[in-house]
Amino acid sequence: MGGLQARRLPTLLVATWSQLAGGLVLGSVVLALREPIGPAALGWGLAAGVFGGLGLVCFYRGLAIGPMSIVAPVAACGAVVPVLFAFALGRAPGALALIGIAAALGGVVLVSLPSEGHAASGDPRAALPVALGAALSFGLFFVFLDRGQAAGGPPLWVVAAARVGSLALLLGMVAVGRRGLGWPGRRAPVVGLVGVVDTGANVLFTYAAASGNLGVVSVLGSMYPVVTVLLARLVLAERLSRPQTAGVGLALAGAALMAAG
């Protein structure tokens, strides 16, 4: 949804309004639950939000100007950053989990290959740099979210702080651009839904990182191209190519190995 909206509306507009919508919903939930605040966790959350906002802008921009089949897997490879961070902390996954990580990443690449008979749209050369920027930013975003919950902060507050950080960055970019933010118009409900779903995913990731290995959780969370391809098949009646079908199977096998390891 985010990529499609970024092809119809300015990238910064989609990123900012979606983040605002998700932040408002999450803020209401946090206030209703009256969870305690952890100051250290808020700092990590704000840092995560800066990289999360930058990653979103890069990602949506890449989806808007280049082939989604290239942008999605490159951005998903940002999961490598938390894996390396887990190794640095001495929290390396077990042997089965490592095999599962490799299988899942391979499955993501296969699933994201262009379907047979469908030409890729956009300019890959222009999209690759921003896709790499999205990968690095998302990877650091995952790491800082994990650090926030490790500092004793409730996951909801960590993600809420991340939303503040991302909005501060995005609004700063709007101010520097001096073009005004604008309103999504009739696409506002869809743009808002993008933000709510994105925020929900971040909350789930933070809870998962609190109870599991950061490297494994990050790779599982980066399997979204598999979901995208399956939804395209079910909702848009797009056909899966043989490599994509193999990729779905490989990614699911990787998920099982990670769970077992």
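Throughout, read-outs are computed from the coordinates displayed, never taken from laboratory work. Given the structure is predicted, the values throughout are model-derived calculations rather than measurements. Here the Cβ is made from the backbone with ideal geometry for all residues, glycine too, and neighbour counts use every protein chain on show.
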- [ ] Pick out which of Ile101, Ile65, Ile37 has the largest mean-square fluctuation in a Gaussian network model of the chain, springs linking Cα atoms closer than 10 Å.
- [x] Ile37
Task: Using θ = phi - 60° and Karplus 6.51 cos²θ - 1.76 cosθ + 1.60, couplings along region 172-183 (whole Hz; Gly, Pro as x) - done: x, 5, 5, 5, 5, x, 6, 10, x, 8, x, 10
- [ ] May I ask you to compute the full-extension gain from Ala32 to Ala246, defined as 0.36 nm times their residue separation minus their alpha-carbon distance, rounded to one decimal in nm?
- [x] 72.6 nm
Open item on the list: Starting from a Cα-only point model with no solvent, please compute log10 I(q)/I(0) by Debye for the chain at q = 0.11 1/Å.
Closed with: -0.59
Task: Cβ-derived FRET efficiency at R0 30 Å, Ala150 paired with Leu24, nearest 0.05 - done: 0.65
Open item on the list: Using a 7 Å offset from the Cα along the Cα-to-Cβ direction at both Leu89 and Arg186, what is the distance between the two label points in nm, to one decimal?
Closed with: 4.7
TODO: Kindly put Leu63, Leu252 in sequence by how many other C-beta atoms sit within 10 Å of each C-beta, fewest to most.
DONE: Leu252, Leu63
Open item on the list: Using each residue's phi in region 162-169, evaluate 6.51 cos²θ - 1.76 cosθ + 1.60 at θ = phi - 60° and report the 3J(HN,Hα) Karplus result to the nearest Hz, with x for Gly and Pro.
Closed with: 4, 5, 4, x, 5, 5, 4, 5
TODO: At 7 Å along the Cα-to-beta-carbon direction for both Ser211 and Leu128, put a label point, then send me their distance in nm to one decimal.
DONE: 4.2
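Treat the count of other C-beta atoms within 10 Å as a stand-in for reagent exposure and order Leu214, Leu231, Leu20, Leu56 from fewest to most. Let's see the in-between values first.
Working: Leu214 26, Leu231 12, Leu20 19, Leu56 29.
Least crowded to most crowded, the residues run Leu231, Leu20, Leu214, Leu56.
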- [ ] For the chain, with a Gaussian network of springs between Cα atoms less than 10 Å apart, report the residue from Ala32, Ala15, Ala161 with the top mean-square fluctuation.
- [x] Ala32
Task: For Arg242, Arg34, order by how many other beta-carbon atoms lie within 10 Å, fewest first - done: Arg34, Arg242
Open item on the list: Can you tell me which of Gly78, Gly107, Gly212 moves the most in a GNM of the chain? Springs connect C-alpha atoms under 10 Å apart.
Closed with: Gly212
Task: For region 30-42, 3J(HN,Hα) per residue [Karplus equation, 6.51 cos²θ - 1.76 cosθ + 1.60, θ = phi - 60°, Hz, x = Gly/Pro] - done: 4, 5, 5, 7, 6, 6, x, 9, x, x, 4, 5, 5
